[in-house]
Amino acid sequence: MKHEYSAEHRKYLGKRKRNLTLVWVLRLGLLALILGFWEMIARLGWVDPFLTSSPSRIGKTIASLYLDGSLFYHIGVTLLETMIGFVIAVVGGCVIALALWWSETLRRVLEPYIVVLNALPKIALGPLIIIWFGTGSEAIVFMTVLVGIIVATLHMLSAFLATDNNKILLLRSMGASKFQILRKLVIPSSLASFISMLKVNVGMAWIGSIMGEYIVSRAGLGYLIVYGGQVFKLDLVMASTCILCVLAAGMYFLVVLLEKLIVKDAES
C-alpha cells in the first residue's frame, strides 16, 4: 500500500536522507584520511613500517592470501565458529533469562552464580576447554558461547524484570495467565533490549572466537594473528585484524538491518 505523505513530512524525510548521506560521506572521508595519513607516515619513515605496517602492505598481504587460496578458508573458519557461537549464546541466554523471570525462586538461587561466572576471566578456563573438547572447532565455539551467553542472560533478564508492573497487574486483573502476560506484554516490551543485546553480543562473539583461536586453532583469523606474531610477520597480523574489523562491522550492520525491519513491522 502506497503511503501519501504531507509536504511537511516529505520535507522531513528529505532532510533525514540528506543527513544520512552527510554522515556516510564524513565516515568514509574520515576513514580515507586515517588510511592516507597512516600510509604517508610509513612511506616518509616517521614510523617503522615493519612494526606498524601500512595500508599498502596490508593490501599486498591480503592479495597474497587470496592468491594462495587461503584467504577465504581462514575467513570461513572464523566466521562459521563465530556465527554458531553467537546463535547458541543468544538463544541460550534468552531461554535462561525466561526461566529466571518465570521462577523467582530459581532466580534468587542462580543469580549469584551467574554474576560470578560473568566476572570470571574466561581465558582461565582455556586448559580445561582443551581437555573437554579437544583442539578442534568445538573448543572455539564453546569459548564463544561461554563469553556471550552470560551477557545475553543478564541483559534479557534485566529487560524482562523492567516490564511495567502496573501493566502486569492490569493483565492479571483481567484474568491473564503468566504465559499470556509473557507473550503479550513482557516479550514485546523487551524487543528494544533484545536488539541492544544482539549489538553487544556481536562484539562478544568475535572476542570469544578469536580468544578460542588464540588458545587452540589450526586455521582461522586468530590463528593467522598468532602465527604472524610468532614469526614477526606483522603485516599478516595487521591484515588479519583489518579483516576482522570488516567482518565484525558487517555482522553489526546485519543486526541494525534487523532492528529496522522489527521497527517497520511494529509501526505497520
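Structure notes:
- Nearest-20 debye value, the chain charge dipole, Cβ charges on Lys, Arg, Asp, Glu: 960
- Cα-based shape type of the range 1-123, given that a ≥ b ≥ c are square roots of the gyration tensor eigenvalues and the cut on a/c is 1.5: oblate
- Calculated [θ] (222 nm, deg cm²/dmol) that DSSP helices of n ≥ 4 give over the chain, each run adding -39,500 (n - 2.57): -27500 deg cm²/dmol
- Principal-axis tilt of helix 137-161 within the chain, Cα atoms, nearest 10 degrees: 40
- Which listed pairs, of Lys11/Lys199; Lys122/Lys178; Lys184/Lys260; Lys15/Lys260, have C-alpha distances above 25 Å, in listed order: Lys11/Lys199; Lys122/Lys178
- Relative contact order of the chain, pairs being alpha-carbon contacts under 8 Å that are 6 or more residues apart, as %: 24
- Mean shadow area of the range 111-182, taken as a quarter of the surface of its Cα convex hull (nm²): 6.5
- Selected from Leu169, Leu98, Val141, residue furthest toward positive end of dipole (the range 81-177; charges at beta carbon): Leu169
- Our note on the geometry: Cα centres of the range 37-103 and the range 225-266, 5 Å apart.
- Here the Karplus curve 6.51 cos²θ - 1.76 cosθ + 1.60, taken at θ = phi - 60°, turns the phi angles of the range 229-242 into couplings of x, 5, 9, 6, 9, 6, 4, 5, 4, 5, 5, 5, 5, 5 Hz, with x standing for Gly and Pro.
- Within the range 20-170: Cβ-based charge dipole about Cα centre, in debye rounded to nearest 20 (Lys, Arg +1; Asp, Glu -1): 220
- Cα-based helix-to-principal-axis angle, 104-119 vs the chain, degrees rounded to 10: 10
- Cα gyration tensor, the chain - rounded (a/c under 1.5), prolate or oblate: oblate
- Farthest toward positive dipole pole in the chain [+1 Lys/Arg, -1 Asp/Glu at C-beta], among Ala159, Gly228, Phe86: Ala159
Every number here is computed from the coordinates shown, using simple stated rules; none is lab data. Keep in mind that this is a model prediction, so the values were computed, not measured. All Cβ positions, glycine included, derive from the backbone under ideal geometry; neighbour counts span all protein chains shown.
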